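The values are calculated or read from the model by the stated rules, or taken from the named source; none is laboratory data. Here the structure is a predicted model, which is why all the values come from computation and not from measurement. Here the Cβ positions follow ideal geometry from the backbone for every residue, glycine too, while neighbour counts run over all protein chains shown.
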Amino acid sequence: MSHATMPSPRHEAIVQLIRDKPSLLLACGDAVARALPAEPRFDVVDTSVTDLAPRTFHGDLAFVATGSDGRDPVVILVEGQLRPDEGARRRWALKLAALGVRHGGRAILVVVTPSAAVARWATKRRPSSPGALSLAPIVIGPDAIPRIASVEQALAAPELAVLAAIAHGKEDLDAEHARQAIDAANALETAGSPRYITAILDALPDVARRILEASMFPLPFGRLAPVLRRNLEDIITQGIEEGIAQRLEEAARERRQKERQEGRQEGEIATKRTTLEGILATRGFVVTESQSARIAAGLDSDLLGRWILRAVTAGSADEALE
């Protein structure tokens, strides 16, 4: 059985960024660099680990980093984390130990999070009993992720610009840094670009996100990466289809409401006709065929109501139906 939860756009984007650009780990502080060989080469490896149950646990991402001589490999388990989770901490220990044994080298855990609170949680070691396994991950939180100050910097290091926008989005009240990061993501022209843009928008405060979203669509389609254009075309098509379905549903709802209203009106008119005929018969009035036809053809509820009132006091059917 696999242990899995539905990943969020930010989590997926963080993992994909590091998969595409492992050197991001070296750009966010020097803790990872100190644990690796000089000028390391990164090779992606399988992260799945099976225990005795059996259950399979999948890590977010793992690399084997080797130096120029190919010796002394270091296994790096990278985990994106958006909230505290003690169960995740226990699984980290299992995966880290298994990957170290599988690849025959030192194994280090790097936790990447855009949340300062989660960074503090991940850094804090749990009290342990004597002999218990202690886990001390390298934590890359928002304080370790550099801010991007200009469009030029964003375009020069697009993956870092996207990661910075995700990590510092809540502070980006005018969405300026997010805008720069989206330009950088478009320039990548990779399958991950739409995912990165979704994560950037997701990290912004609500007002800033709405302003940025509103400003994005007037841009010429040609300025967007081909993969993002296709993504937006799918979104637009889906929106049109959903809009048509919504309008059809609204029309059907209005029609049902009108039919119910008309049914109530018809029932009210029929009741008034019956009441009028009953009063006339009770008072012994002779109703001619012409008068019966007028009553049967009466579709005006107010007129029938007036006839009923007159029939109570009138001296004849003619007087009641004036």
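Can you find a residue in the stretch 50-63 that is modelled with pLDDT of 85 or more and either under 22 Å from residue 120 (Cα atoms) or among the small types (Gly, Ala, Ser) (or both)? If you could, list the steps in order and put the result at the bottom.
Filtering the stretch 50-63 for residues modelled with pLDDT of 85 or more gives 61-63.
Subsequent filtering for residues that are either under 22 Å from residue 120 (Cα atoms) or among the small types (Gly, Ala, Ser) (or both) retains 61-62.
Yes; the residues of the stretch 50-63 include at least one that is modelled with pLDDT of 85 or more and either under 22 Å from residue 120 (Cα atoms) or among the small types (Gly, Ala, Ser) (or both).
Taking the condition surrounded by 14 or more Cβ atoms within 10 Å (Cβ to Cβ) and within 24 Å of residue 193 (Cβ to Cβ), does residue 21 pass?
On the way: surrounded by 14 or more Cβ atoms within 10 Å (Cβ to Cβ): yes; within 24 Å of residue 193 (Cβ to Cβ): yes.
Taking the combined requirement at face value, the residue satisfies it.
Residue check: is residue 202 in the same structural domain as residue 26 (by TED's automatic domain parsing) and within 18 Å of the chain's Cα centre (by Cα)? Steps first, answer last, please.
On the way: in the same structural domain as residue 26 (by TED's automatic domain parsing): yes; within 18 Å of the chain's Cα centre (by Cα): yes.
Yes: the conditions hold for residue 202.
Taking the options 140, 166, 148, name whichever one is crowded, with 24+ Cβ neighbours inside 10 Å, of a type in the set (Val, Ile, Thr) and modelled with pLDDT under 90. Step through it out loud before you land on a result.
Numbers: 140 fails: modelled with pLDDT under 90; 166 fails: modelled with pLDDT under 90.
Only one candidate qualifies: 148.
For the stretch 149-186, name all the residues that are part of a helix (DSSP H, G or I), over 16 Å from residue 16 (Cβ atoms), of a type outside the set (S, T, N, Q) and touching a residue at least 12 places away in the same chain (Cβ under 8 Å).
From the stretch 149-186, those part of a helix (DSSP H, G or I) are 151-156, 158-167, 169-171, 176-186; that's our starting set.
Going one step further and asking which of them are over 16 Å from residue 16 (Cβ atoms), we end up with 151-156, 169-171, 176-180, 183.
Of the ones still in play, those that are also of a type outside the set (S, T, N, Q) are 151-152, 154-156, 169-171, 176-179, 183.
The answer is 151, 154, 155, 169, 170, 177, 178, 179, 183.
Quick one: in the stretch 274-303, which of the residues that are in a helix (DSSP H, G or I), in contact with an Asp or Glu (Cβ under 9 Å, 6 or more places away or on another chain) and modelled with pLDDT of 80 or more is surrounded by the fewest Cβ atoms within 10 Å (Cβ to Cβ)?
In the first step, residues of the stretch 274-303 are kept if they are in a helix (DSSP H, G or I); the result is 274-282, 289-297, 301-303.
Checking the rest, the ones that are also in contact with an Asp or Glu (Cβ under 9 Å, 6 or more places away or on another chain) come to 291-292, 295, 301.
Adding the requirement that they be modelled with pLDDT of 80 or more leaves 291-292, 295.
Working: 291: 16, 292: 13, 295: 18.
Once the filter is applied, the top-ranked residue is 292.
Return the only residue of 114, 84 being part of a loop (DSSP other than H, G, I, E, B), buried (at least 16 other Cβ atoms within 10 Å of the Cβ) and at pLDDT 85 or above. Spell out the reasoning first.
Numbers: 84 fails: buried (at least 16 other Cβ atoms within 10 Å of the Cβ).
On inspection, the qualifying residue turns out to be 114.
Hey, any hits in the stretch 24-42 for a residue that's in a strand (DSSP E or B), at pLDDT 85 or above, closer than 28 Å to residue 190 by Cβ and not polar (S, T, N, Q)? If you could, list the steps in order and put the result at the bottom.
First, the residues of the stretch 24-42 that are in a strand (DSSP E or B): 41-42.
Those still in the list that are at pLDDT 85 or above too: 41-42.
From what's left, closer than 28 Å to residue 190 by Cβ: 41-42.
Narrowing the set further to residues that are not polar (S, T, N, Q) leaves 41-42.
Looking through the stretch 24-42, at least one residue is in a strand (DSSP E or B), at pLDDT 85 or above, closer than 28 Å to residue 190 by Cβ and not polar (S, T, N, Q).
Kindly indicate the residue of the stretch 304-322 that is aliphatic (A, V, I, L, M) and assigned to a helix (DSSP H, G or I) and also surrounded by the fewest Cβ atoms within 10 Å (Cβ to Cβ) among those meeting that condition.
Filtering the stretch 304-322 down to residues aliphatic (A, V, I, L, M) leaves 304, 308-309, 311-312, 314, 317, 320-321.
Next cut, assigned to a helix (DSSP H, G or I) only: 304, 308-309, 311-312, 317, 320.
Values: 304: 19, 308: 17, 309: 12, 311: 22, 312: 10, 317: 19, 320: 23.
Within the stretch 304-322, the match that is surrounded by the fewest Cβ atoms within 10 Å (Cβ to Cβ) is 312.
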